[in-house]
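Every number in this text was worked out from the coordinates using simple rules, so none of it is lab data. Since we're looking at a predicted model, the values are computed, not measured. Here the Cβ positions follow ideal geometry from the backbone for every residue, glycine too, while neighbour counts run over all protein chains shown.
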Amino acid sequence: MLIHPNFDPVAIHLGSFGIHWYGLMYLAGFMTFIWLGRKRIVMLNHAQLTPKLLDDLLFYGVLGVIIGGRLGEVLFYNPGYYFSHPLKIPAVWEGGMSFHGGFLGVLVAMAIFARLQKMRWLALMDFIAPLVPPGLAFGRLGNFINGELWGRPTDAPWGMVFPNVDNLPRHPSQLYEFALEGVLLFLLLWIYARKPRAVGSVSGLFLIGYGSFRFIGEFARNPDDGIFGLMTFGISMGQWLSVPMVIIGIIMYRYSTRRTA
């Protein structure tokens, strides 16, 4: 049995001000996005994107992630708490970001960016899809450091006690999702997208991969706090939100590949 180290959520103390690990994980994800994005521009000899435009693209993406991710957490997972404590809604440094909300926020932000730059929106989404999983990986590390989003009780030898929760050994589900949604999904997309593909196919594969891995990982994750928990058919809100992603991804992938066959 393992014991969670109970990390201090503040990585750097500067008097009354502190830099949280969660914020540093987001910063690492954004920096990795730029690094990999520049590699993809060269790899694909992209006709429209330049390193300068990539910086602008990240700015729009950051706004989409933060605004959409926080609103998703508020509306999808814990509306009762946040509507009772509205001043907590902007406190993103305390944790609590919904991937599905952030994903919708990025879709909107990229649509605005594509329109301003006169680019094809779906082709732009294909470009950024392989750049997203490392950010997800860093986010899951942030969850683990914060001791949040812990797993369900388990008898597995690698079960971990989260002292801030109880004394039961639990799945370190944050690390499972780090491996699935971060590392494995990145390898899948990066290898597939190393050469030009039919427009929509990379985005479709991202939706299939993320939705499937998230659905699997949720079986080890404790149902989220709030008004939900396990829902119809004994599956969680995260799983229900992942099902349409997989369905839409399959439709997109099949349509895009058949159209160019």
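The figures follow:
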| quantity | calculated |
| --- | --- |
| Computed log₁₀ I(q)/I(0) - Debye formula, equal Cα scatterers, no solvent, region 1-138, q 0.12, 0.15, 0.16, 0.18 Å⁻¹ | -0.57, -0.83, -0.91, -1.06 |
| Which of Ser203, Ser16, Ser84 has the fewest Cβ neighbours within 10 Å, and the rest in rising order | Ser16, Ser84, Ser203 |
| Taking only Cα atoms of region 147-194, radius of gyration then Dmax in Å | 14.2, 46 |
| Difference of contour (0.36 nm per residue) and Cα-Cα distance, Asn45 to Tyr192 | 51.3 nm |
| Amide N proximity, region 194-219 versus Arg259 label position 7 Å along Cα-to-Cβ, cut-off under 11 Å | 198-201 |
| Convex hull (Cα only) mean projected area of region 113-247, reported in nm² to one decimal | 10.1 nm² |
| Quarter of the Cα convex hull surface for region 80-134, i.e. its orientation-mean projected area (nm²) | 5.2 nm² |
| Selection from Leu131, Ala220, Gly80, by position along the positive dipole direction of the chain (Cβ) | Leu131 |
| Full-extension gain in nm, Asp166 to Phe219, via 0.36 nm per residue minus C-alpha separation | 17.1 nm |
| Sorted by Cβ neighbour density within 10 Å, fewest at the top, the residues Glu218, Glu177, Glu148 | Glu148, Glu218, Glu177 |
| Interchain or long-range residues, amide H under 5 Å from Gly147's placed H | none |
| Under Karplus coefficients 6.51, -1.76 and 1.60, residue-wise ³J(HN,Hα) of region 69-75 in Hz, glycine/proline x | x, 6, 5, x, 4, 5, 8 |
| Vicinal HN-Hα couplings computed from phi for region 35-49 (Karplus, 6.51 cos²θ - 1.76 cosθ + 1.60; Hz; Gly/Pro x) | 4, 6, x, 5, 5, 5, 4, 5, 4, 9, 6, 4, 7, 10, 7 |
| Cα-projected label distance for Ile248 with Tyr81, points at 7 Å along beta-carbon direction, nm | 2.6 nm |
| √(5λ) per eigenvalue of the Cα gyration tensor, region 1-48, largest first, Å | 35, 16, 5 |
| Ser236 long-range amide H proximity, modeled H, under 5 Å | Met231 |
| Debye intensity ratio I(q)/I(0), log10, the chain, q values 0.12, 0.13, 0.16, 0.17 Å⁻¹ (C-alpha model) | -0.75, -0.88, -1.29, -1.43 |
| Principal axis box of region 166-224, alpha-carbon based, largest edge first, Å | 51, 16, 12 |
| Theoretical gain in end-to-end length, His13 to Ile89 [0.36 nm per residue, Cα-Cα removed] | 25.0 nm |
| Cα long-axis angle, helix 201-217 against the chain (0 to 90 degrees, to the nearest 10) | 10 degrees |
| Long-range amide H partners of Arg221 with built H, under 5 Å | Arg152 |
| The chain, relative contact order [Cα under 8 Å, separation at least 6], % | 21 percent |
